[in-house]
1. Work the Kirkwood hydrodynamic radius out for the chain: mean of 1/r over every pair of different alpha-carbon atoms, inverted, in Å.
2. Counting other beta carbons within 10 Å of each Cβ, put Phe8, Phe75, Phe38 in order, fewest first.
3. Among Pro28, Pro107, Pro86, whose mean-square fluctuation peaks in a Gaussian network model of the chain (Cα, cutoff 10 Å)?
4. Assuming R0 = 22 Å, what is the FRET efficiency of Leu102 and Leu31, from their Cβ-Cβ distance, to the nearest 0.05?
Amino acid sequence: MGATCVAFNDAGHVLVTRRRSPERWELPGGLVDPQESFHEAAVRETYEETGVLVEVNGLVGVYQHPSRGILAGLFLATALSGDPHPTPEASAAEWAEVGDALERLHPLYRPRLEDVLAATSTATLRVHEGTSVLSLLTAARIR
């Protein structure tokens, strides 16, 4: 399972990161750790790859990569603090204008940003163990 984060700052720029190997521009994200929720992974991976702390606002989509056995959630987020900078996982991280990000992003990630831009609402994400709700992100209108 994985989580991808589309984070915006107050200026409306989107957070992008350049992966070290293979070198390409992506949206922050990665695999969900054991005992971690989808949206917790989105926050953690974004911070690890960019140095930016984000707040997840909702789930926009779910993507399946059958040959690799990966199911990934796509999350909309807002920057809370931190400036993007290179990390052990990324050779670069920066805020980009949306048009520039769409041009630079690897083809695997471009549709994810397009999906967030086209979304008018988020979906409900309920994490539960049996009947006990562990966390809940409720659906919300975006525009």
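1. Every distinct Cα pair counted, the radius reaches 15.2 Å.
2. Taking fewest neighbouring Cβ atoms as first place, the list is Phe8, Phe38, Phe75.
3. Pro107
4. Values: r = 25 Å, r/R0 = 1.15.
Plugging the Cβ-Cβ distance into 1/(1 + (r/R0)^6) gives 0.30.
Each value in this text was obtained by applying a stated rule to the coordinates, not by laboratory testing. Here the structure is a predicted model, which means the values were calculated and not measured. Cβ: placed from backbone, ideal geometry, glycine included. Neighbour counts: every protein chain shown.
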